[in-house]
Structure formats: structure tokens, C-alpha cells
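Structure record follows, encoded as C-alpha cells.
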Amino acid sequence: MRILLGVPGGIAAYKALEFARLAVKAGHSVRVIQTPASLRFVGRASFAAITGAPVLASEFEDDPSKGSWPGEEPGLHSPISHLALIERADVYVVAPATANTLARLASGSAEDLVTTSALAAQCKVILAPAMNGLMWDNEATQANVKTLRAREFEVLDPGAGQLASHGEEGTGRLVEPHEILFAAEASAAGAEKALAGLRVLVTAGGTREPIDRVRYIGNRSSGKMGVEIARAAKQAGADVTLLAANVAIEIPSGVTLIRVETAQELENAASSAFGQCDVLVMTAAVADFRPVGVPSGKIDKSQGTPSLDLEPVRDILRGLAAERAPGQTLVGFAAEFGNGVDRAEAKRASKGVDLMVYNDISNTEIGFDSELNEVTLLTAEGRTAVEKQTKQAVAGRIIQAIAELRAS
Ligand SMILES: Cc1cc2nc3c(=O)[nH]c(=O)nc-3n(C[C@H](O)[C@H](O)[C@H](O)COP(=O)(O)O)c2cc1C
């Protein structure tokens, strides 16, 4: 695929280098054009070295490659630079899209190569904004984003948290380069977004049940699998809410995040959000038992070894399944220790969920804390084995299975 990368002048321009590197590594042909301001942040030499093609920063400049893309023979004639590259691009990505470039694009300005290319684009244009939180929240920027979205530009939601500028926090962080690449690949393929228009509720992580005010009973779930499902659902076009129980990893941008700690908090949050969702994916590892009579302070060890009284925790998925409305799709996870596929299938049937994702936690190469997972997808129709691969790839398979279930 031919990706034209337009680089405006923002502090996150260095991340455009990583985007270019990932795109080239994935086998795409990449050409880069820069705004004059961006040259003050990253030079052409790095982009040229990564892409193996010259970089242009002005429409009055001749293209040494005469409009060709890496891997092609240069043309015989000098084409008009400001139109040649965009004419044959499969997708045009502008990253980091500065407030200034968003404003110029919204007004239809054509004052440099980056904006001119957008005006002449016949392919999908993806804008990945990055700026200070106040600049992003400003009414003018928000109006420009609205205008651009109405004109079929795909404007990716920036992330929240620490920004690239020293000491700054807020909304305005550039979407991670691999997510921009995913968006580029999906849109260029003309991929119908599998979960477009659906509201997906995902739970992730592991609950903690207090023993006293300091200690708790927890489990080893990192939340990676649930976070990847939230990311994949978002990329598939869904409106995603993530209920994160003690998750310490980065949350994908554009996902509504609700943090919880205990099984009770998770149940409360899930119950209040369940009525508004089309798909529920219960990935979180929820405690089966919790201590009762939790003291308000810290148990004093000089008083001897305490004994814990435990009570069972209500099964959240079973409870929600009993209240489900027609049209809701429910997905559960069953972590079983060794050869548990039949137990997982029995859980699927008895809880009344549409898809149960089984994994064998006795296998130390997959599951908790691992980057990898290997699962079996269980539905009323049968079993599908998903071989060992990254949790990101497994999440993609689960989203695909959900889309198939909804289509049927
Ligand atoms: C150190 C520094 C960092 C900047 N970072 C950003 C940024 O992250 N986002 C942004 O919208 N503007 C940022 N700006 C302002 C832009 O560089 C400025 O608006 C410029 O005119 C953008 O031009 P362009 O959009 O044509 O590349 C920054 C400026 C400086 C000096």
C-alpha cells in the first residue's frame, strides 16, 4: 500500500518517524512531505533514511524521485510535486496534526504541500491530532475537527495523560504510531468497520478484596487481554467503555475509562452500564470469595495469626445474563487449569452467554502476565481453536467472532 505521510510542526513529530518505520516494516511504500514548521522539529534525513525516498517540504521543490514511490522506477518527466504524490497514494496520513494544520485544512487552505495534498486527495485522509490540552479543548479546534469529520476526514481521537511537552498533561496526546497504522490499513482496505455503531462494554484486570485497610486478596490478571479487546473494538468502530479493575497498563485513546477496585465496585459499574450496551465482554478476573467483617484499620500481627472468614461473590456475568435484553451479545472468559474446555462449555451453556473464550492457565507460556494467549472460542455452534499468538491478534479474532455472531 502507498502511504503518503504529511508531517506538521508539533512536538510529537518525532513519533511520525516511528510511524514511518512501522509502516515500512509492515511492507508499505511510504513517501513523506513536511510543513516548513516541522523541519524545526525533525529533519528530512531521518524520514529519507527510514523510507528510502526523498522528502519534500515545499510545492516549489523538484522531486528527485519524479513522483515515484519506493520500489518503482523514477518517471522520465518532472511531475508537479504538489499533486504527484497524493494522486497515487492509497491513504494520506497527517501526523501529528497540529492545531494550525487542522485549522488550515478546515478552511480549505492550500499554502503548503501538506494542505495542498489534502485538498487534492481522492484517497482516505487520516488526521492524528497532537497538541496541548487547552488547544485541543478550544472551541475553535473542536469546530475545525467537527467540520473535518463532516467532510469525511478520519480524525483520530487524541489520548489523555502525559503530553510530549515537558510537564504537560491533558487530552491532546498523539495516538500511538501502531494505532495510526492500524487505522490506515483498515481504511485503505475499505474495511467495513465490523462493530460500527455498537456500544461495547469491556471489563479488564483483576479485582482486589480487602482483608483490612492495607491488605487484599487479588489475582494475577494484568488486564492486557481486556485492554486489547477494548482497543480492537474501538478500531472496529464501536463506542467502547472499559471497566478497569486495577489495570496499570496504558488505556487506548478514545475509550471511556471507569476504574474500579473490588468485585462489588465492578458489579455496580457493570450493572449501571449494561442496559446501554449492545455487547458485553467480561474479561476481568473477578474474585470468587471475599473476606467478611473487614476491620477498619490494619490487623495487628502481635495479636496472633488471624483467620479469615470468606463469603462467595455473586457471579456478575450470570446475573447480567439473566437481565439481558433482546439483541445484546454476551461474551465471557473461562480461565481453567488444565483440560478445562468441557468445563468452560458447561459454564457457557449454564450462564447463557453467546461466546465463552476458554484458556488453559496451567500453560505458563500464555495467559496471565504474558504477551501471548491461546484460546478456544465456544459458541452454541461449536468450538474454534485460536492458535498461540499476541493478545492483540487474539483480540482481533474475538472481535471478528462477535461480529459474526451479531451478523447471524
Ligand atoms: C516547542 C514547540 C512545540 C509545539 N508543539 C505543538 C504541538 O504539539 N501541537 C500544535 O498544534 N502546535 C505546536 N506548536 C506550535 C506549532 O509549531 C505552530 O502552530 C506552527 O505554526 C505549526 O505549523 P504547521 O501546522 O504548518 O506545521 C509547537 C511550537 C513549539 C515552538
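For segment 310-361, give me each residue that is aromatic (Phe, Trp, Tyr) and over 18 Å from Leu405 (Cα atoms). Let's see the steps before the verdict.
Taking segment 310-361 first, the residues aromatic (Phe, Trp, Tyr) are 333, 337, 358.
Of everything in segment 310-361, just one residue is aromatic (Phe, Trp, Tyr) and over 18 Å from Leu405 (Cα atoms), namely Phe337.
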Q. In segment 217-225, is there at least one residue being assigned by TED's automatic domain parsing to the domain that holds Gly297 and farther than 30 Å from Ser296 by Cα?
A. yes
Q) So which of Gly10, Gly75, Gly27, Gly6 ends up being assigned by TED's automatic domain parsing to the domain that holds Trp136 and farther than 20 Å from Ile126 by Cα? A) Gly75
**Q.** Those residues of segment 362-383 which are at pLDDT 85 or above, surrounded by 14 or more Cβ atoms within 10 Å (Cβ to Cβ) and in contact with a Leu (Cβ under 8 Å, 6 or more places away or on another chain), in sequence order
**A.** Leu377, Leu378, Thr379
Q | Evaluation of Ala230 against (1) of a type in the set (Gly, Ala, Ser); (2) within 26 Å of Ala20 (Cα to Cα); (3) free of Cβ contacts under 8 Å to residues at least 40 places away in the same chain; (4) outside the structural domain of Glu250 (by TED's automatic domain parsing) (one fails), failing number | A | (4)
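Is there a residue in segment 138-148 that is within 16 Å of the ligand (Cβ to nearest atom), without any contact (Cβ under 8 Å) to a residue 24 or more places away in the chain and over 18 Å from Ser29 (Cβ atoms)? Reasoning before the result, please.
So the first thing to find is which residues in segment 138-148 are within 16 Å of the ligand (Cβ to nearest atom), and the list is 138-145, 148.
Checking which are without any contact (Cβ under 8 Å) to a residue 24 or more places away in the chain leaves us with 139, 142.
Subsequent filtering for residues that are over 18 Å from Ser29 (Cβ atoms) retains 139, 142.
Within segment 138-148 (the criterion being within 16 Å of the ligand (Cβ to nearest atom), without any contact (Cβ under 8 Å) to a residue 24 or more places away in the chain and over 18 Å from Ser29 (Cβ atoms)), the answer is yes, since at least one residue qualifies.
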(Q) Quick test of your reading of the structure: Ile80 fulfils all but one of (1) β-branched (Val, Ile, Thr); (2) over 22 Å from Met131 (Cα atoms); (3) buried (at least 24 other Cβ atoms within 10 Å of the Cβ). Name the failing condition by number. (A) (3)
(Q) Return the pair list, or none, for Cβ contacts closer than 7 Å from residues in segment 49-69 that are polar (S, T, N, Q) to residues that are not in a loop (DSSP other than H, G, I, E, B), at least 6 apart or on different chains. (A) Thr51/Ala20; Thr51/Val24; Thr51/Val30; Thr51/Arg31; Thr51/Val32; Ser58/Leu113
Q. Hey, Gly172 hits all of (1) touching a Ser or Thr at 6+ places or on another chain (Cβ under 6 Å); (2) of a type in the set (Gly, Ala, Ser); (3) within 13 Å of the ligand (Cβ to nearest atom); (4) assigned to a strand (DSSP E or B) but one; which does it fall short on?
A. (1)
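Looking at Ala110, Ala128, Ala121, which one is outside any helix (DSSP H, G or I) and either among the basic types (Lys, Arg) or closer than 17 Å to Ile11 by Cβ (or both)? Break it down stepwise before answering.
Numbers: Ala110 fails: either among the basic types (Lys, Arg) or closer than 17 Å to Ile11 by Cβ (or both); Ala121 fails: either among the basic types (Lys, Arg) or closer than 17 Å to Ile11 by Cβ (or both).
Testing whether each residue is outside any helix (DSSP H, G or I) and either among the basic types (Lys, Arg) or closer than 17 Å to Ile11 by Cβ (or both) leaves just Ala128.
Okay, residues lined up against (1) of a type in the set (Ser, Thr, Tyr); (2) over 15 Å from Gly226 (Cα atoms):
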site	(1), (2)
Ser362	yes, yes
Glu365	no, yes
Glu387	no, yes
Ile402	no, no
Q | Filtered residues of segment 136-174 (kept if at pLDDT 90 or above, surrounded by 14 or more Cβ atoms within 10 Å (Cβ to Cβ) and among the hydrophobic types (A, V, I, L, M, F, W, C)) | A | Trp136, Val145, Leu148, Phe153, Val155, Leu156, Leu174
Q | Options Val30, Val93, Val42, Val55; residue that is modelled with pLDDT of 90 or more, among the β-branched types (Val, Ile, Thr) and in contact with a Ser or Thr (Cβ under 7 Å, 6 or more places away or on another chain) | A | Val30
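The values are calculated or read from the model by the stated rules, or taken from the named source; none is laboratory data. It should be emphasised that the depicted structure is a prediction, and the values quoted were computed from it without experimental measurement. Note: ideal-geometry Cβ built from the backbone for every residue, glycine included; neighbour counts use all protein chains shown.
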